[in-house]
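Everything below concerns the one structure shown next.
The values are calculated or read from the model by the stated rules, or taken from the named source; none is laboratory data. This is a predicted model, so every value here is computed, not measured. So basically every Cβ, Gly included, is an ideal-geometry build from the backbone, and we count neighbours across all protein chains shown. In case anyone asks, the SASA skips ligands and DNA or RNA and just uses the protein heavy atoms, side chains included. Shrake-Rupley method; radii C 1.70, N 1.55, O 1.52, S 1.80 Å.
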Amino acid sequence: MWFLQINRQYLKQFDWYMLSLLLVISIIGVMTIYSATRPVITTVQPNYYIKQIVWILLGLAVLLTVSVFDYNWLRKYGYFLYIPGLILLTLVLFIGKRGMGAQRWLELGPVSFQPSELFRILLIVGVSKYLSTVNGLLTKRHFSIALMAFGLVPFILILKQPHLGTSLVLLSTFFFLTIAKKLEKKVMITLIIIAIAVPPVAGNLVWRHLKDYQKKRIVAFIEPDVDPKGIGYQIEQSKITIGSGQLLGRGYLKGTQGPLRFLPEKHTDFIYCVFAEEWGFVGSAIIIMLYLLLFLRGISTALRSRDEFGRYLALGLTFMLFLYFFINMGMVLGMMPVVGVPIPFMSYGGTTLITNYIAIGILINIRMRRLAICY
Amino acid sequence: MSREYFEKYSGLTIFIVMLVFFVLALRIYQLQVLQGPQYREAANSNKIRVITLPAARGIIYDRNHVPLVKNEPYYYASLMPETKNIDTAGLSKLLDINEKKLITKLKKGEAQRFKAIVLKEGLAFKDVAAIEARRSDFPGLMVEPNLTRHYVYNNTGSHVIGYLGRMTAKQMQSAEYDNVTPETFVGQWAAEEFYDRQLRGSAGEKIIEVDALGRQLKLIGQTKPQMGKDITLSIDIDLQEAAEKAFGGKTGSLVVINTTNAEVLALVSLPAFDPNDFVMGIETDKWNAMHKDKRHPFLNRALQSTYPPGSVFKPVVAIAALEEGVTDANSGTHCNGSLEFGKYSFGCWKSHGSVSFHRAMVESCDVFYYEIGKKLGIERIEKYARLFGLGSSTGIGLKRGVDEKDGTMPSTKWKNKAAKRQWFLGETLSASIGQGYVSVTPAQMAQMTAMIANEGIIMPITLLKDGNAAMPRERLNIRSETFDTVKSAMYGVVNEERGTGKDAKSKIVQISGKTGTAQVIAGRLKSEQQKERHRDHAWFIAYAPSEHPEIALAVIVEHGGHGGSAAAPIAKQVIESYFKGKAGK
């Protein structure tokens, strides 16, 4: 009975606004996946769009489950969840399945999933817990501990897979959250100095450790004409595809560029291009507006959260989703190097979608309990 | 304090996020609105095309590694589907095709995206040069290579090798052909069809960007074609050729089997067809003519036709009788030209007088076999016939969906079921001389002969070289004295005085055999006096050398008349050519 009572009280507080934004973007995603995977040679429509619908339904179930139980349990078990997460990440390096040049998948019977995806949530939960337990400013000692546990170790583990996109997103989210906590002046100044001084030194070091395809992407971005293996070509095609949408677009299912130009990533990383070609500037403007509203809602959730843990958690999750969106858009619009990250909620892909749905579920959870109802 | 800072920090975050969105929106505006027309044009002028890269099909070799087929390149002319304002009159002249046909082809192809519309296939290299010279006059016209088959031996062995064709509607839907692109030729008959999966490999494809003239600008992606695997048949093409020649234009079938490993060395079905007629798509007239041909060139008689075996069935009955003890090598009977049974009279082809077991085989006396058949009963005859593989298909590869025939090996149970009638003893008598309900395929007969020659080795016949290499050697549980008795009689058939198969007697090698004459219609008219389609089928089964057999065969000449005169000489020629060929190698 208590369960029902809580539900009724919270039902009024449920963040329908956030859920609606999420669903509208997801449905647009499914429609675009259908269009992007239209068959070229045969007449058989691949079932990607059906799989995506299944993932969305599954994601919704997970989202609702996550939003029902008070997020307090996340704080309680934050570290207990984080440590197995780190272990899984380590495991994947040794026994993971290779796919498309990277080792990201773990196979559990018939299911294979990418631990680095779920780990995104666990990391933000862990950082938020740590930050909320510190009283006052983050001292040098606090920051160093946090940097080791939540910054460098996961960064290196994920970079090793290699998954440049996610490792950068997570490291950035880590810094973003520590600054949100407020650092001691000394630490802050040191960080700023490092931020200015490190790139030239570390750049060289990092460059040497980049995988070949990662180097090519960067070269291709700086000098598209060099065009090693057609990556510059991909950026060029991305621009042509988006641009050819013009003001009103070619119309749904009438895009001619999408289905072919970005093999094999048309329905994953380049899904936005397919959408932009068919719906034009009007459609593009509407969809980025939807994303903007979603991110703003996330930040506003952080501001209203009932406790410090909730604040960092909400802000961190929102920032992470924003970064993925930003990196993807920067890539398809030809403003940043090709870093293969999917655009949240629209791109095809199960683990990523479920993870992002969990993030939204937590945001809804935090917002629902902002008034700290006593029972 | 912390709360205030957090709010400020969040405010800053909101500001940055909105700034980022503003920049993104500007960039999208720049790409889609300001530069939109240029990008639209860039998208429209450069078109994408998907080109199938044909996979080289596996080669079919004969047992001596002689290639029976060759892959030959040919060219086809095609047109980009987006092409507008086509000069159909000029194009039809250039390609030498009917303008109306051309227009229908173009209409049909309009709907397809990215794939060129095929206009004409089978272009030779000089046609290609002519088209290339005029290509700038026909924007969007392209010439691409593909691969097809050349069958080196034309008609010879066509029922073993088969032919290629476009996928049928049924094949297109079958999972078996999932990875096959519509322009690929697939096997439609015999080995080409049966081993298609190994032979075909998988086609690759190339996705390219082309300009308005169809010239390649950029390679977007490609998957390489994967060559098919070669297969080596058990057929000896020289022997096959000799066997087909030996028929001298007659209709019939012949199967030669290696007695030690059950590999088929030659498989003849005549008349045959030239698979080269099919490679580029057969013309309708020719196809209709071949299908209306009363001699049915598309029927593989060795596997799909069943005939009453007649007297070539007798060795099995003899083995059954010896094994079951109803007769022995020293027994005999008196033949006065017929056996009275109830109100019926069962005839023999001549009055043999007194005959022994041995002479009954040599001279093919029916009366003797009526008697032992009566003693055996149909069930025991059926049991032995089945041991030698009669009445069920050999399982050799022909074509999926087209049945190799089982033939019929009757029993009382079979008749109750099939005809809802009881079995009459008279029918047992007919069956004991291979008439009545008994019917077999030439391949089954050859298999039976091989099993007599090798004294009961159980092994399925195969069309692949070393196809039985992994088979265990098992033997029928039949006494070797029984085989000795029957084989000595079969030696007599060819080599003794008044033997019915003396026309097969050879100076090169000792041949054993048995003649058979299968009645097409009942009656006692001499076969030669009847219309051809009513004449009897002539059978001959043989193996050689008589002492240590290497090959066994069965021949049938449809409506050939008497087995001894029509079929035995063919068998002799084929066996001699095998041993001559062996000596030559």
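Below are the figures for this structure:
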quantity: Residues satisfying the stated conditions in segment B:42-70, i.e. away from chain A (no Cβ under 14 Å) and surrounded by fewer than 17 Cβ atoms within 10 Å (Cβ to Cβ); calculated: B:Ala56, B:Asn64, B:His65, B:Val66, B:Pro67, B:Lys70
quantity: Residue match in segment B:132-148 (condition: surrounded by 13 or more Cβ atoms within 10 Å (Cβ to Cβ), of a type in the set (D, E, K, R) and within 14 Å of chain A (Cβ to nearest Cβ)); calculated: no
quantity: Test: residue in segment B:78-92 that is small (Gly, Ala, Ser), within 9 Å of chain A (Cβ to nearest Cβ) and surrounded by 15 or more Cβ atoms within 10 Å (Cβ to Cβ); calculated: no
quantity: Pairs where the first residue, in segment A:298-312, is within 10 Å of chain B (Cβ to nearest Cβ) and the second is open to solvent by less than 10 Å² (accessible area, probe 1.4 Å) and not in a helix (DSSP H, G or I), C-beta under 6 Å, 6+ apart; calculated: A:Arg311/A:Ser305
quantity: Test: residue in segment B:287-295 that is in contact (Cβ under 8 Å) with a residue 60 or more places away in the chain, within 28 Å of B:Ile541 (Cα to Cα), of a type outside the set (A, V, I, L, M, F, W, C) and open to solvent by 50 Å² or more (accessible area, probe 1.4 Å); calculated: no
quantity: Matching strands (runs of 3 or more DSSP E) fully within segment B:311-401 where at least 2 residues are more than 25 Å from B:Ala568 (Cβ to Cβ); calculated: B:332-335, B:338-341, B:344-347
quantity: Residue list for segment B:495-512, restricted to those being crowded, with 16+ Cβ neighbours inside 10 Å and touching a residue at least 60 places away in the same chain (Cβ under 8 Å); calculated: B:Glu496, B:Gly499, B:Thr500, B:Gly501, B:Lys502, B:Asp503, B:Ala504, B:Lys505, B:Ser506, B:Val509, B:Ile511
quantity: Qualifying residue in segment B:186-193 (condition: within 12 Å of another protein chain (Cβ to nearest Cβ), of a type in the set (S, T, N, Q) and open to solvent by 10 Å² or more (accessible area, probe 1.4 Å)); calculated: no
quantity: Segment A:279-310, subset modelled with pLDDT under 95 and among the charged types (D, E, K, R), residue surrounded by the most Cβ atoms within 10 Å (Cβ to Cβ); calculated: A:Glu308
quantity: Members of segment B:108-128 found to be assigned to a helix (DSSP H, G or I) and under 11 Å from B:Ala77 (Cβ atoms), listed by number; calculated: B:Asp127, B:Val128
quantity: Test: B:Asp230 is within 17 Å of the chain's Cα centre (by Cα) and touching a residue at least 40 places away in the same chain (Cβ under 8 Å); calculated: yes
quantity: Residues (part of a helix (DSSP H, G or I) and open to solvent by 10 Å² or more (accessible area, probe 1.4 Å)) located in segment A:325-349; calculated: A:Phe326, A:Ile327
